Amino acid sequence: MAKPAAPLAAVRAVQALSERPALEGGTRAPASGRIDAAKLGWATGEFALASYVGIASIYLLFYATEVLGIPPAWAGLALLIPRLWNMVSDPIIGILSDRTRTRFGRRRPYLLAGAVVWGAAFCLMFNLPHMARPGAAALVLGLVFMLNNTGLTLYQVPYSAMLAEMTRDHLERTRLVAYREVVARAAILLTLASGPWILAAAANQRAGFQIIGAVFGAGILGSGLVAFFATAGAPQTTSESRHSHGLAQFAILKDNRPLRKVTLSFLCVNLGDALFSGSLVYFVTEVLGRSPAVIGTLYPISSITGIFAAPLWMLVANRYGKTKICQIALALCAICCLLPLIISSSSYWLMYPFMCIYGFFNTGARLLPNAIVPDTVEIDQQQTGERREGLIFGIFVFVQQSAFAVGGFLLSLLLAFATHHAAAGTGSARMTGISLSFTLAAAVFYGAAFLWMLRYRTDPAR
């Protein structure tokens, strides 16, 4: 029972530090109520999303090639097409949830359906039978992954949109996002700890992945059910749509300038995250000459730091203004990414304090844009008279999904370019390319996110 102590302490700190926050810009505000069980239950729903990202990003391609025996090119295609489907389905599900009218509200039916479909498909994906024909195995994997991603969309978009519905207080929204960030970091930590242990304890790799599918599939379902039932009494909004239907509503990005700025900023944050996370293992193994097992220590350091950093970012943001503190977090995250340029194989131990520093600033870089985007829902309502949280968060999730897909592809191009020059006889060109992908390329995208947030303008009193 000692393991949950760190996340629980961080959650309590979020409440304790936010008893009497300030308005955007520094004006003091009356103390608001504590986060109730419904909002805490909603934050718990992030466990499904964070643990899924951890498992899928680390193990899914390896499982496809090494366990199912699918050639890498076919496996990459089987995993790419369903991700492209997500880019289309996220905004559509957002629009549908805006127009849904049930006794459970606009969003909660999607949480229930999404958790069931997603949890079952995730379990099935890691329990596929062996097939003698690689093409057939790739097709089956692609179809099941498509079903998995459909369940993910059904869950993630309405779940994210509930943030803007559950409270109209932009300070309390920051606290809610801080709770969610604590849950996310704890879930990643649990994933990093339990995944290798399950694989090592299983009789073989196939059996290990079958257990991973069952355990984390059940975790996805359980997390979604908690979010569904806990939010039964949560505030909900309704809106009669008077504007154009379907994807024509993407004009919202043109009309709502603050939304456009924070969305483009978050796009750059996720591109930076994709480059940084994807190239970390290459930097550690090829540049620093260490075992891949070191990753099992570096990532948890970042996650643990994030658990304790989230309430601190929340406190500072509510006291001095989310926009200003978000700009600072993005700028410092960009600068931080350049630090590994001074780390060599003889001083590889510096990676441990570096990951601590990165985890701190990256938490702010992710938490604060998520806390800002619900405020743009209010701007949209003032302009249109509608509550379109689903559409807005559908676009926001679409941007996140696109960034990770594009970021991974961009990293592959950078590595291929570096490898080509290394093969041409330029010596350490590959290591230089890896170092620059891990540091400079990631820093450029975080820096671009900072520049977009400099252009973010809104009036908190409005």
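Here, each number is a calculation from the coordinates, and none is a lab measurement. These numbers come from a predicted model, not from an experiment. Reconstructed Cβ throughout: ideal geometry from the backbone, glycine too, with neighbour counts over all protein chains shown.
Once the gyration tensor of the Cα atoms in region 250-457 is diagonalised, the equivalent ellipsoid follows with semi-axes of 34, 20, 13 Å, ordered largest first. Take the Cα of residue 381, step 7 Å toward its Cβ, do the same at residue 80, and the gap between the two points is 4.2 nm.
Expressed as a fraction of 2.2 N^0.38 Å, the rule-of-thumb size for a compact globular protein of N residues, what is the C-alpha radius of gyration of region 262-375? Write out the running numbers ahead of the final one.
Numbers: Rg = 14.8 Å, N = 114, 2.2 N^0.38 = 13.3 Å.
For region 262-375, the normalised Cα radius of gyration comes out at 1.11.
Modelled spin labels at residue 416 and residue 214, positioned 7 Å past Cα toward Cβ, are 4.0 nm from each other. Sorting 107, 457 from the fewest to the most surrounding beta carbons within 10 angstrom yields 457, 107.
The relative contact order of region 36-236 comes to 43 percent, based on Cα pairs under 8 Å that sit 6 or more residues apart.
Coordinate range of the alpha-carbon atoms in the chain per principal axis, descending: 61, 49, 47 Å. Note on residue 428 and residue 204: the extension gain reaches 76.9 nm, defined as 0.36 nm multiplied by sequence separation minus the Cα-Cα distance.
Let me check against my output: what whole-number percent is the relative contact order of the chain, with C-alpha pairs under 8 Å and at least 6 apart?
Normalised by residue count, the contact order of the chain is 27 percent.
Give the distance, in whole Å, between the Cα centre of region 181-242 and the Cα centre of region 318-363. Computed from Cα coordinates, the inter-centre distance equals 28 Å. With both labels modelled 7 Å from their Cα along Cα-to-Cβ, the residue 297 to residue 143 distance reads 4.6 nm.
Viscosity 1.567 mPa s, temperature 4 °C: Stokes-Einstein D of region 36-236 from its Kirkwood Cα radius, in µm² per second? Kindly include the intermediate steps, with their values, before the conclusion.
Working: Rh = 17.5 Å.
Translational D for this selection: 74 µm²/s.
If you wrap a convex hull around the C-alpha atoms of region 45-153 and split its volume per residue, what is the figure in Å³?
Values: hull volume 10.0 nm³, N = 109.
Value for region 45-153: 92 Å³ per residue.
Order of 326-337, 79-90, 384-395, 36-47 by packing, highest average Cβ count within 10 Å first?
On the way: 326-337: 22.9, 79-90: 17.8, 384-395: 24.6, 36-47: 20.2.
Order by mean packing, descending: 384-395, 326-337, 36-47, 79-90.
Long hydrophobic helices in the chain, taken as whole DSSP H segments with a C-alpha length of 24 Å or more on their own axis and mean Kyte-Doolittle hydropathy at least 0.0: 46-62, 72-99, 108-125, 134-166, 170-201, 205-230, 257-282, 295-320, 351-384, 389-423. With contacts taken as Cα pairs under 8 Å and at least 6 residues apart, region 250-457 reaches a relative contact order of 43 percent. Dipole of the chain computed with +1 at Lys/Arg Cβ and -1 at Asp/Glu Cβ about the Cα centre; of 272, 416, 429, farthest Cα towards the positive end is 272.
Going by how many other beta carbons lie within 10 Å of each one, how would you line up 110, 456, 179, fewest first?
Working: 110 27, 456 21, 179 24.
Fewest-to-most ranking of 110, 456, 179: 456, 179, 110.
What's the whole-number percent of alpha carbon pairs in region 153-212 lying beyond 13 angstrom? Counting every Cα pair in region 153-212, those more than 13 Å apart make up 71 percent. Each principal axis of the Cα atoms in region 89-165 has its own extent, and those three values, largest first, are 49, 19, 19 angstrom.
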